[in-house]
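Accompanying notes for the structure given below.
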Amino acid sequence: MLTNGKKLWMRKCMHWEKMRPMTLPPCLQIEMQWGGRWVYNIKLGPNNEEQYKARFVAKGYSQIPDIDYQETFSPTARMASIRTLMQIAVQHDLTVHQMDVKTAFLNAPIDCELYVEQPEGYEIKSKNDEKLVLRLKKSLYGLKQSGRNWNHTLHTYLIEQGYSQSRTDSCVYKKHSEGQPDDYTIVVIWVDDLLLARKHESTMTNEKDTQTKVSHERSWQNKLVLRH
């Protein structure tokens, strides 16, 4: 039986528009669908208010290589790159902002056909009272390939926005402003956290507003502002 608190967690954080229910023949239900479970947490907001968090996590440990996933490697920025960015920010008087992507993995398309059981509290049946499962349209937390899928999605987006990838660290990107050769933006990626460094505060705000408008469906969220 679900408590009111758990239902609140679900309403707060569920994004089931990323998926759709599908029927499966009875003989295939056991072989093709994966289980999942709710993970709950309570965090403090910027004003010390309680924020209910919920995440439906797939049981990815039961995935089969070369059938349910291919590659799983996903890069993260080197600590040396982060320290270098901080040093450059101090030397060149750059403004550094941190941005967080809400439910990042749910923004990345899935790379194979996968089915998962419906989450507790959200079970529905067909008109014929058949059991339905969810066919994933996006990646889900707990799947082995989700981190890689998200990294590829973010990389594609940054390249489309005119950023160039560093040759020494694949999680560092840079873009020069048109008509302003001394104004540039550096982005460092750590999974779903981004560090943005830019010369002028005003152009930093414009850059973030542009990213928010262009990638509205990716749910960019301004999380923290850092200044030296």
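The condition of being in contact with a Lys or Arg (Cβ under 7 Å, 6 or more places away or on another chain), loosely packed, with under 14 Cβ neighbours inside 10 Å and of a type in the set (Ser, Thr, Tyr) holds for only one of Ser126, Ser164, that being Ser164. Take Asp93 and tell me if it is at pLDDT 80 or above, more than 19 Å from the chain's Cα centre (by Cα) and at positive phi. Yes, satisfied. Only one of the numbered conditions (1) touching a residue at least 24 places away in the same chain (Cβ under 8 Å); (2) hydroxyl-bearing (Ser, Thr, Tyr); (3) over 27 Å from Ala54 (Cα atoms) is not met by Thr72, and that is (3).
Screening Ile88, Ile30 for residues that are at pLDDT 85 or above, of a type outside the set (Asp, Glu) and surrounded by fewer than 15 Cβ atoms within 10 Å (Cβ to Cβ) leaves exactly one candidate, Ile88. Tell me whether region 134-144 contains one or more residues that are over 30 Å from Val90 (Cβ atoms), modelled with pLDDT under 90, among the aliphatic types (A, V, I, L, M) and in contact with an Asp or Glu (Cβ under 7 Å, 6 or more places away or on another chain). No, because not a single residue in region 134-144 is over 30 Å from Val90 (Cβ atoms), modelled with pLDDT under 90, among the aliphatic types (A, V, I, L, M) and in contact with an Asp or Glu (Cβ under 7 Å, 6 or more places away or on another chain). Here Ile42 meets the list (1) in a strand (DSSP E or B); (2) within 20 Å of the chain's Cα centre (by Cα); (3) surrounded by 15 or more Cβ atoms within 10 Å (Cβ to Cβ); (4) β-branched (Val, Ile, Thr) almost entirely, failing just condition (3). Of all the residues in region 45-62, those that are loosely packed, with under 10 Cβ neighbours inside 10 Å and either of a type in the set (Gly, Ala, Ser) or not in a helix (DSSP H, G or I) (or both) number 7. With the condition kept exactly as written, say whether any residue in region 174-185 is buried (at least 20 other Cβ atoms within 10 Å of the Cβ) and either among the β-branched types (Val, Ile, Thr) or without any contact (Cβ under 8 Å) to a residue 12 or more places away in the chain (or both). Checking region 174-185: at least one residue is buried (at least 20 other Cβ atoms within 10 Å of the Cβ) and either among the β-branched types (Val, Ile, Thr) or without any contact (Cβ under 8 Å) to a residue 12 or more places away in the chain (or both).
The values are calculated or read from the model by the stated rules, or taken from the named source; none is laboratory data. A quick note: this is a predicted structure, and the numbers were derived from the prediction, not measured. Neighbour counts are summed over all protein chains in view; Cβ atoms, including those assigned to glycine, are modelled from backbone coordinates with ideal geometry.
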